[in-house]
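The values are calculated or read from the model by the stated rules, or taken from the named source; none is laboratory data. Treat the numbers as computed from the prediction; the structure is a model and nothing was measured. Please note: Cβ atoms are built from the backbone with ideal geometry, for glycine as well, and neighbour counts cover all protein chains shown.
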Amino acid sequence: MTHPGDGDDPRYKNDNNGDAPHDAGGGGPLPASSRAASTARDGDDDDEDGPAIYVACLAAYNAGTLHGRWIQLDAVCAEHDDADDAAEALRAMIASEMLATSPVEGAEEWRIDDDEGFEGLDVNPYETLETVVEMARLIMDHGSLAVAVAKHLDADRHVSMLGEVRTWLEEQYLGAYDSAEDWAAEWLDETGALSEVPESLRRYIDVAAYARDAQLSGDIVVLTPVAGGPRHVFLGR
């Protein structure tokens, strides 16, 4: 079984801009209306809330038939701690549950034709399954905050940086606050930075300016994934 582009950096290998599968003879993209119909999920699908991908059979497409299957990633990721093991399990599912039922005998090639539940994190049609697993786990563990960090680090376009996204989320995260000033007040108190300043003078400390300077200097990064929601503060460096 083969996956076009599998093993390469798919961000720079996809010549058709992710519109639809192409055959070697330069076949055109799948019309948007047909693609939407082919990837529509059944209402009785189990557990549709988590990350999922729709894998499409390229041999069937080239033969003029739409054939594919939605695969929910939650259970696969939960069952396999190792990303490589989870990816192999996904390959086995694609082979046995989608390619084996293709109207084209001996079908091997496939691509990711749609996705859901990735909170806006872009899944490239020719993404490696190892990367898809890591993206799904980031969303399952951290939701929209993972997407905000990925976009801040430009990791939504450079998938090799997904490990850095997890480092930010698990090692550099300082907490959620109503404002950066609230973070600064707590930080100054917990670190003892104002311990030698008399209580009567502490009200004259410009905590807002401290928070502003910390952001300008890059010491902290403040992200707000949801408009009007809490400010999530990270160590910047």
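May I ask you to list the residues in segment 134-144 that are surrounded by 15 or more Cβ atoms within 10 Å (Cβ to Cβ) and either outside any helix (DSSP H, G or I) or in contact with a Cys (Cβ under 8 Å, 6 or more places away or on another chain) (or both)?
136, 137, 140
Looking for whichever is within 22 Å of residue 62 (Cα to Cα), touching a strand residue (DSSP E or B) at 6+ places or on another chain (Cβ under 6 Å) and part of a helix (DSSP H, G or I) here; the options are 94, 112. Which one fits?
Testing whether each residue is within 22 Å of residue 62 (Cα to Cα), touching a strand residue (DSSP E or B) at 6+ places or on another chain (Cβ under 6 Å) and part of a helix (DSSP H, G or I) leaves just 94.
Only residues that are in a strand (DSSP E or B), among the aliphatic types (A, V, I, L, M) and within 12 Å of residue 110 (Cα to Cα): list them for segment 54-73, please.
Once the filter is applied, which keeps residues that are in a strand (DSSP E or B), among the aliphatic types (A, V, I, L, M) and within 12 Å of residue 110 (Cα to Cα), segment 54-73 yields 55, 56.
Condition check ((1) free of Cβ contacts under 8 Å to residues at least 40 places away in the same chain; (2) part of a loop (DSSP other than H, G, I, E, B); (3) of a type in the set (Phe, Trp, Tyr); (4) surrounded by 15 or more Cβ atoms within 10 Å (Cβ to Cβ)) across all residues:
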{"position": "146", "(1), (2), (3), (4)": "yes, no, no, yes"}
{"position": "150", "(1), (2), (3), (4)": "yes, no, no, yes"}
{"position": "163", "(1), (2), (3), (4)": "yes, no, no, no"}
{"position": "166", "(1), (2), (3), (4)": "yes, no, no, yes"}
{"position": "169", "(1), (2), (3), (4)": "yes, no, no, yes"}
{"position": "181", "(1), (2), (3), (4)": "yes, no, no, yes"}
{"position": "184", "(1), (2), (3), (4)": "yes, no, no, yes"}
{"position": "193", "(1), (2), (3), (4)": "yes, yes, no, no"}
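I need a count of the residues in segment 152-161 that are part of a helix (DSSP H, G or I) and under 17 Å from residue 131 (Cα atoms).
3
For residues that are crowded, with 21+ Cβ neighbours inside 10 Å and free of Cβ contacts under 8 Å to residues at least 24 places away in the same chain, tally how many sit in segment 152-161.
Of the residues in that region, 1 qualify.
Mind checking which residues of segment 45-62 are of a type in the set (A, V, I, L, M, F, W, C) and either out of contact with any Ser or Thr (no Cβ under 9 Å at 6 or more places or on another chain) or at pLDDT below 95 (or both)?
Within segment 45-62, 52, 53, 55, 58 qualify.
What number of residues within segment 103-134 satisfy the criterion of being without any contact (Cβ under 8 Å) to a residue 60 or more places away in the chain and among the charged types (D, E, K, R)?
Counting residues in segment 103-134 that are without any contact (Cβ under 8 Å) to a residue 60 or more places away in the chain and among the charged types (D, E, K, R) gives 5.
Suppose we filter 143, 175, 120, 163 for residues that are within 28 Å of residue 219 (Cβ to Cβ) and at pLDDT 95 or above; which single one remains?
175
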